[in-house]
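Before any comments, here is the structure.
The values are calculated or read from the model by the stated rules, or taken from the named source; none is laboratory data. Computed from a prediction, not measured in an experiment: that's the story for all the values here. Glycine gets a Cβ as well: all are built from the backbone with ideal geometry, and neighbour counts include every protein chain shown.
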Amino acid sequence: MSVKIEWQIFKAETRSDGTWSSNSPALAELLNAIASPDKIKEPSLDIEDAMAHLAIKGLPYFKITEITSGNTRENNSIKKPSVAIC
């Protein structure tokens, strides 16, 4: 699974290893600090989805723009509609 969040020119995406990638190294570092798997307090079926929701809780101007699920990111992926959380 992969979850993307965006705000203006900033984009970030969860990785299967529990870290964030971003077009801004500073944003990736911030997200890894505030929305890493060890920061999730509630049980979750999908760690990357929980990371994204935790990120937008801490950075409310961001929104979830894409959720891709499947066995791999390249094959058998299903794109779910974007979800905006304000």
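The table below lists the values:
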{"quantity": "Residue within segment 46-62 that is modelled with pLDDT of 90 or more and among the basic types (Lys, Arg) present", "calculated": "yes"}
{"quantity": "Matching option when the condition is touching a Gly at 6+ places or on another chain (Cβ under 7 Å) and modelled with pLDDT under 95, among 67, 78", "calculated": "78"}
{"quantity": "Tabulated pairs, segment 27-47, first under 12 Å from residue 58 (Cα atoms), second at pLDDT below 95 and surrounded by fewer than 15 Cβ atoms within 10 Å (Cβ to Cβ), C-beta under 6 angstrom, 6+ apart or interchain", "calculated": "34/58"}
